[in-house]
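Reviewing the structure listed below.
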């Protein structure tokens with residue numbers, strides 16, 4: 001039998017909800033004014049009685065250590081409670097924080113859903129996992145699509161990963177990935193991972209290779225306009241996973257000077273887009289001392305652009321230069337002209 005809720009009962013329910021909304025908004029207002037302790041005091045009783053917006057905001061407070069001592073475990077608990085009630089921003093933050101805390105296999109289903117919603121850090125992590133075949137099955141097309149979207153959002157780590165993917169993923173799969181990325185941009189979530197059925201988890205002791213959790217960009221808190229929209233308390237900036245130490249620049253003394261009459265060059269990579277070749281040159285000249293003295297060459301071969309540097313006097317000098325470039329974490333190959 002269907003039960004019909006009368007208008008009087010509906011009105012009573014709406015009236016009962018109004019004070020809760022006002023209190024959540026009061027906490028947001030206090031947060032915006034820098035009174036974090038008062039914001040937490042407004043949200044805590046609501047969170048304890050099951051309000052998902054208040055639960056999400058308490059998670060943010062504990063993660064940032066504002067109004068309360070920083071406690072990532074408590075933050076995880078509040079995010080999880082809000083996510084279980086369908087709070088999507090809480091689920092995104094839960095996924096990223098679990099991954100940062102080392103719970104990578106457990107975080108992967110949440111990360112996949114966040115990636116389909118357009119969270120760039122989740123797209124970067126899932127794209128890396130799909131490329132490596134770590135925690136989830138390898139799929140280079142989807143990996144390229146997600147990494148393309150993360151790069152388009154301005155995530156520098158994703159742009160660097162795309163350059164590496166270009167060296168290994170065949171052109172036809174890259175084209176499929178770009179088409180899939182375009183579908184994602186238009187909001188077609190089914191183009192990659194189903195939001196309700198994430199790719200299957202595979203047990204694997206190894207962490208996702210080369211993946212570091214990029215920090216989030218804090219967003220300005222805004223007042224809660226309606227019950228369905230969560231107050232935009234500053235997006236939590238997770239404590240960054242410490243990256244491996246950057247390679248030290250190679251001293252100029254180890255690199256021979258360019259020779260106008262030299263018949264050698266070094267090749268640094270091959271790219272489907274000229275812009276990525278130029279980007280790599282810009283990055284390497286900052287890492288490898290003395291490299292900027294050489295001339296960059298963009299050699300076209302059909303749809304591929306090869307990045308080379310020279311001129312170099314001898315094979316020995318080219319080999320030494322390649323050694324310096326490889327020490328900076330990039331591929332390099334001497335070439336006779």
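Read the figures in this text as sums done on the coordinates, not as results from a lab. Bear in mind the structure is a predicted one, so any value in this text is a computation, not a measurement. Reconstructed Cβ throughout: ideal geometry from the backbone, glycine too, with neighbour counts over all protein chains shown.
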State, to one decimal in nm², a quarter of the convex hull surface area for the C-alpha atoms of region 37-89, i.e. the direction-averaged projected area.
3.0
Extend 7 Å from the Cα of residue 183 along its Cα-to-C-beta direction; within region 96-123, residues with backbone N under 15 Å of that point are 116-117
Take the Cβ-Cβ distance between residue 293 and residue 33 as r, set R0 to 51 Å, and report the resulting FRET efficiency rounded to the nearest 0.05.
0.40
Pseudo-spin-label distance residue 137 to residue 315, built 7 Å along Cα→Cβ, given in nm, is 4.6
Label-point separation, residue 301 to residue 48 (7 Å along Cα→Cβ), nm
6.9
By Cβ neighbour count within 10 Å, fewest first, 326, 287, 186 rank 186, 326, 287
Alpha-carbon Debye profile of region 252-336, log10 I(q)/I(0) at 0.25 Å⁻¹
-1.27
Taking 7 Å along the Cα-to-C-beta vector as the label spot, tell me the residue 336-residue 286 distance in nanometres, rounded to one decimal.
3.7
Kirkwood calc, region 43-176, C-alpha pairs only, radius in angstrom 15.6
